[in-house]
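Since the structure comes first, as structure tokens, the remarks are kept for the end.
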Amino acid sequence: MDTDTLREKFIRSEEALSRLADDTKQLVFTRVQDLRGSKDYLETLIKEKEAVDTQITEHEAKISSLQDEINNQANLKDDLVRKQASTAQELEAKKVRVEELQIEKTKKDEDLQTINTKITNIKSEISQKREKIATLTKTNKDLEMKLKTEIDTKEAENNELKNELETLKSDNAVISFLLEESAEDIPEVDILAAVMNLERTTKEQLKETLEGQISPVIITRTLGRMAEKNLLNYDESNDIISFR
């Protein structure tokens, strides 16, 4: 296999790894954003439910208060009726008073009707609030199930990506090396690229090729380590360096 082909394969491998890393980062970022958005929506639903519960408690307190008022008004009505009966004998003398009491009674009846209407409206509102709570509860449960499903799916996808990376690493020692150490500023990458370009070289030729990039001391020290990792062949007896 010629040098150009090897370089091309090497470049394609680097590009593929770069795209894979970018896609993986983007996927994780997107999933985290989705989960955060779902979490915020869930917290909003919980707050709405708490607000509705508070409103129901307030309406129930109002109903109790209005019921007491109804009882008071009913007692007052009975009292007015008794007063009307007791003044029957003095009808002529008390006619004006009876008429006044009748007006009061009518007004109280209207007040009672208004209170009854308010109670009916409040009961209807409570019924609607309870239906809303039931809907919110169902939505909450559905969302929890959806979140669990999404989390399980994302974990499966992440595990699949990890398995693919492990397969790439196990299939190619160079790819494994680059995956593990390409994020660091290391001389091995430049040395490996130079050897692949020269195909066969000596340590002196390699030093000349990398002059200004890597110091000769670092090159000498790094060659043995790279040979131990099977990244290249280095025969110290004849000073021949070649790509595997």
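The values are calculated or read from the model by the stated rules, or taken from the named source; none is laboratory data. This structure is a prediction, so every number in the text was calculated from the model and none was measured. Backbone-built Cβ (ideal geometry, glycine too); neighbour counts: all protein chains shown.
Restricting to the range 74-88, what's the tally of residues that are free of Cβ contacts under 8 Å to residues at least 24 places away in the same chain, surrounded by fewer than 15 Cβ atoms within 10 Å (Cβ to Cβ) and assigned to a helix (DSSP H, G or I)?
Total satisfying the criteria: 6.
May I ask you to list pairs of residues, at least six apart or on different chains, whose Cβ atoms are under 7 Å apart, with the first in the range 98-115 being assigned by TED's automatic domain parsing to the domain that holds Asn71 and under 14 Å from Asn72 (Cβ atoms) and the second being in a helix (DSSP H, G or I) and of a type in the set (A, V, I, L, M)?
Lys108/Leu76; Leu112/Ile70; Ile115/Leu66; Ile115/Ile70
Give the residues of the range 194-244 that are out of contact with any helix residue (DSSP H, G or I) (no Cβ under 8 Å at 6 or more places or on another chain) and polar (S, T, N, Q), sorted by residue number.
Listed by number, the residues that qualify are Thr202, Ser215, Ser237, Asn238.
Criterion first (basic (Lys, Arg) and at pLDDT below 75) does Lys207 satisfy it?
Spelling it out, it is not the case that Lys207 is basic (Lys, Arg) and at pLDDT below 75.
Starting from the range 19-37, take each residue that is among the acidic types (Asp, Glu) and list its partners that are assigned to a helix (DSSP H, G or I), counting only C-beta distances under 9 angstrom and pairs at least six apart or across chains.
That search, which allows pairs on different chains as well, returns Asp23/Leu161; Asp34/Glu150; Asp34/Lys154.
Take the residues in the range 188-244 that are part of a loop (DSSP other than H, G, I, E, B) and of a type in the set (Val, Ile, Thr); name whichever of them is surrounded by the fewest Cβ atoms within 10 Å (Cβ to Cβ).
Within the range 188-244, the first condition is being part of a loop (DSSP other than H, G, I, E, B), and the residues that meet it are 199, 202, 210-215, 229-231, 236-239, 244.
Still in the running and of a type in the set (Val, Ile, Thr): 202, 214.
Values: Thr202: 13, Ile214: 18.
Among those that are part of a loop (DSSP other than H, G, I, E, B) and of a type in the set (Val, Ile, Thr), it is Thr202.
In the range 22-37, is there at least one residue being in a helix (DSSP H, G or I) and more than 32 Å from the chain's Cα centre (by Cα)?
In the first step, residues of the range 22-37 are kept if they are in a helix (DSSP H, G or I); the result is 22-37.
Applying the additional criterion that residues be more than 32 Å from the chain's Cα centre (by Cα) yields none.
No - not one qualifying residue is present in the range 22-37.
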